[in-house]
Amino acid sequence: MTPPGWLWIPITVAAAGAQTVRNAAQRQLTAELGTLGATLVRFLYGLPFAALWIVAVKEFGNYELPTLSTPFAAWLVVGALSQIVATALLLRAMNERNFTLGIAYSKSEVLQVAAFGFIFLGDPLTTVTIAAVVLGTLGVMLLTPVDRLHPIRTLISGLATRPALLGLASGGGFALSAVGYRGAALALDAPFLMAAAFTLIGAQLFQSIVLCTWLRIFRPGLLTRVLRAWRASLFAGFAGAAASAGWFTAMAIEPVAHVRTLALIELVFSYTISRRIFKEEFSRLQLAGIGVLVAALVIVTLSSR
């Protein structure tokens with residue numbers, strides 16, 4: 001079944017909304033379980049919902065489960081491990097003295113995902129796609145500037161510092177993760193919905209096993225606390241599974257550069273909430289960043305129609 005060319009757009013927007021909700025839920029759990037514990041919640045408590053999703057896709061779509069293959073397993077492991085490593089690198093960058101610089105460079109993910117998608121999957125890299133990716137990255141960096149007076153100069157001068165290198169490596173890990181998941185879905189001989197659902201449950205199962213094993217060996221007390229906090233964790237797991245189902249489905253349809261650029265609409269959601277609910281004021285630089293980001297979203301959306 002070939003999906004309509006526009007279908008990835010509402011799916012990506014819905015996934016961004018679900019991720020906004022998941023981030024809010026995870027933020028509350030971080031105070032109780034720490035960063036590693038809250039990260040495990042995302043995968044472990046998302047598993048039941050990922051299982052329900054693949055059952056629903058199988059039954060209502062009347063699809064057969066795909067056959068496992070070496071290319072699928074290889075891409076899945078690349079995607080899952082890259083996501084874990086990228087998260088760890090981002091946490092290391094946040095522990096640095098100039099952590100803001102590291103976080104800024106981690107946002108180069110969209111640029112790197114476009115390059116990786118072209119190199120490893122042969123995803124088309126048109127002039128319009130490049131323009132949208134560059135504008136999207138610029139918009140994100142203007143929204144959270146390292147130096148409000150000289151944002152670009154600060155980024156360039158800090159390129160060779162440890163926080164910047166950690167941030168770049170983290171962005172590269174997240175980019176490789178997205179490419180790995182798309183590669184896994186494309187390696188399956190299955191309709192896009194089943195390919196996405198199968199990749200999702202495989203990734204979450206693998207990541208849950210890896211993180212549970214790590215915590216059991218190095219932080220056994222934390223694993224016990226995660227298991228005891230199941231009531232509060234279920235909602236975060238549901239929101240995380242819903243967001244991931246959206247990302248995986250969109251990436252099974254459309255090149256990752258387009259999906260990850262449009263996914264930046266999550267920042268527009270967050271800043272709108274901050275403005276409307278918390279009455280936060282934005283600087284001219286941040287308003288410019290929102291304008292540039294919206295331009296990138298419009299370009300990438302229209303270019304795929």
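Brief remarks follow.
- If the condition is being among the hydrophobic types (A, V, I, L, M, F, W, C) and surrounded by 21 or more Cβ atoms within 10 Å (Cβ to Cβ), then segment 26-48 contributes LEU29, LEU33, ALA38, LEU40, VAL41, PHE43, LEU44.
- Single condition TRP6 does not satisfy, out of (1) at negative phi; (2) surrounded by fewer than 21 Cβ atoms within 10 Å (Cβ to Cβ); (3) out of contact with any Gly (no Cβ under 6 Å at 6 or more places or on another chain); (4) part of a helix (DSSP H, G or I): (4)
- When ALA232, ALA242, ALA184 are checked against the criterion of being in a helix (DSSP H, G or I), out of contact with any strand residue (DSSP E or B) (no Cβ under 7 Å at 6 or more places or on another chain), buried (at least 24 other Cβ atoms within 10 Å of the Cβ) and on the phi < 0 side of the Ramachandran plot, a single residue qualifies: ALA184.
- Listed by first and then second residue, the pairs linking a residue in segment 245-258 that is under 15 Å from VAL133 (Cα atoms) to a residue that is polar (S, T, N, Q), with Cβ atoms under 7 Å apart and 6 or more places separating them unless they lie on different chains, are GLU254/SER304; ALA257/THR129; HIS258/THR129; HIS258/SER304.
- Single match in PHE49, PHE60 (criterion: at pLDDT 95 or above, part of a helix (DSSP H, G or I) and of a type in the set (Phe, Trp, Tyr)): PHE49
- When THR213 is tested against (1) among the polar types (S, T, N, Q); (2) buried (at least 17 other Cβ atoms within 10 Å of the Cβ); (3) modelled with pLDDT of 90 or more, exactly one condition is not met: (2).
For (1) touching a residue at least 12 places away in the same chain (Cβ under 8 Å); (2) closer than 26 Å to PHE218 by Cβ; (3) assigned to a helix (DSSP H, G or I), each residue gets a yes or a no:
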| site | (1), (2), (3) |
| --- | --- |
| ALA16 | yes, no, yes |
| ALA24 | no, no, yes |
| LEU29 | yes, yes, yes |
| LEU36 | yes, yes, yes |
| PHE72 | yes, no, yes |
| LEU81 | yes, yes, yes |
| ALA86 | yes, yes, yes |
| LEU89 | yes, yes, yes |
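The values are calculated or read from the model by the stated rules, or taken from the named source; none is laboratory data. Being a predicted model, the structure only gives us computed values, none of them experimental. Note: ideal-geometry Cβ built from the backbone for every residue, glycine included; neighbour counts use all protein chains shown.
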